[in-house]
Amino acid sequence: MELRSKIREIPDFPKEGILFKDITTLLKDRDAFSKVINKFAAFYKDEGVQKVVGIESRGFIFGAPLAYQLNAGFIPVRKPGKLPSDVYEAKYELEYGTDTLAIHQDAVSPGEKVLIVDDLLATGGTMSAAVDLIKQLGGTIVGIAFLIELSGLKGRDKLNGQSILSLISY
């Protein structure tokens, strides 16, 4: 099964000039969704992953079942104000301003092996902020996994040599 064929492209969404990669068509296909989780799990099965971090919100979709398959804990990284306990925050640049991510201060223990998962790598700002949060907690990042990478936007360059797996590249 070719995963790329399961991604629907929506022109001019959310604004003119953007060709949006809609993953809902992949998610509703049980075989395609299963294949994605199984590919991620096979790639990281020997890395000793202790925590899988998913970035709000589509990173949750892949991160939770992947954590289950890897026998690891799952950690949500969220927008500010969504986590109930003490958090660390990291700001990052968007093309139209800034945004912030938050993680519980007790989410990762120093030295724990962490895999970070999200649906899409574009400019790298969101993932760079997540990497900063894991490093602030003392976690060891064993990899970063994406369903899709928009390679022309060079987001990989912001991730400073991290080990990156992208299942689909445009």
* Structure fact -> Expected sort for 55-61, 77-83 on mean C-beta neighbours within 10 Å, highest first, is 55-61, 77-83
* Structure fact -> Rounded to whole angstrom, the alpha-carbon centroid of the stretch 100-170 lies from that of the stretch 41-72 at a distance of 12
* Please name which of Tyr96, Ile7, Pro110 has its Cα lying farthest along the dipole of the chain towards the positive end, using unit charges on Cβ (Lys, Arg +1; Asp, Glu -1) and the Cα centre as origin. => Ile7
* Asked: Anyone know which of Ile37, Ile18, Ile103 comes out most mobile in the 10 Å Cα GNM of the chain?
  -> Ile18
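FYI, it's all coordinate maths here, none of it is from the lab. Model, not experiment: these values are computed from the prediction. With ideal geometry, Cβ positions are generated from the backbone for all residues, glycine too; neighbour counts draw on all protein chains shown.
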